[in-house]
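Colleague: Sharing a structure with you now.
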Amino acid sequence: MERFGTSKISLVERFSKITFSSIESEKRLSTTLESLVKLTLKEHEGPITLQVQNQNHGDIYYRTGRTVSLGNILKDYCERKGLVYEETRFIYDGKRVCSTHTPQQLEMEDEFVIDAMSEQIGG
């Protein structure tokens with residue numbers, strides 16, 4: 001009997017972990033959908049979803065074309081997060097991202113992350 005009681009408790013613990021993780025997944029999915037910005041695509045172009053993130057200001061997901069310049073995404077991110085575009089640096093794969101770059105030029109794949117950082121002057 002004691003063994004049955006122990007196994008029953010572990011089933012309850014497992015169920016609560018499964019329920020908790022599924023709730024967390026649903027929250028992440030709803031947050032992602034709320035922060036997804038869809039931009040226009042060129043004809044016959046597959047979409048790509050990119051994430052722009054900042055340590056202090058959260059992240060936004062953008063769906064755009066592979067040959068569309070990233071300038072609008074970078075400026076929109078700054079506007080939504082209250083950052084100054086001229087004082088924000090965007091980094092992808094260790095390299096600075098310019099407004100004229102496209103996801104295709106940077107060889108980005110779906111759901112790649114662009115980091116947004118505030119420029120710091122001085123030591």
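Just so it is clear, none of the values below were taken in a lab; they were calculated from the coordinates. Because the structure is a prediction, the values reported are computed rather than measured. Because the Cβ atoms are built from the backbone with ideal geometry, glycine has one as well, and the counts that use them run over all protein chains shown.
Colleague: Among what's in the range 50-69 and is touching a Pro at 6+ places or on another chain (Cβ under 9 Å) and surrounded by fewer than 17 Cβ atoms within 10 Å (Cβ to Cβ), pick the residue that is nearest to residue 115 (Cα to Cα).
Modeller: Taking the candidates together, the pick is 63.
Colleague: Check 102, 88 and return the single one that is polar (S, T, N, Q) and either in contact (Cβ under 8 Å) with a residue 40 or more places away in the chain or closer than 12 Å to residue 50 by Cβ (or both).
Modeller: Among 102, 88, only 102 is polar (S, T, N, Q) and either in contact (Cβ under 8 Å) with a residue 40 or more places away in the chain or closer than 12 Å to residue 50 by Cβ (or both).
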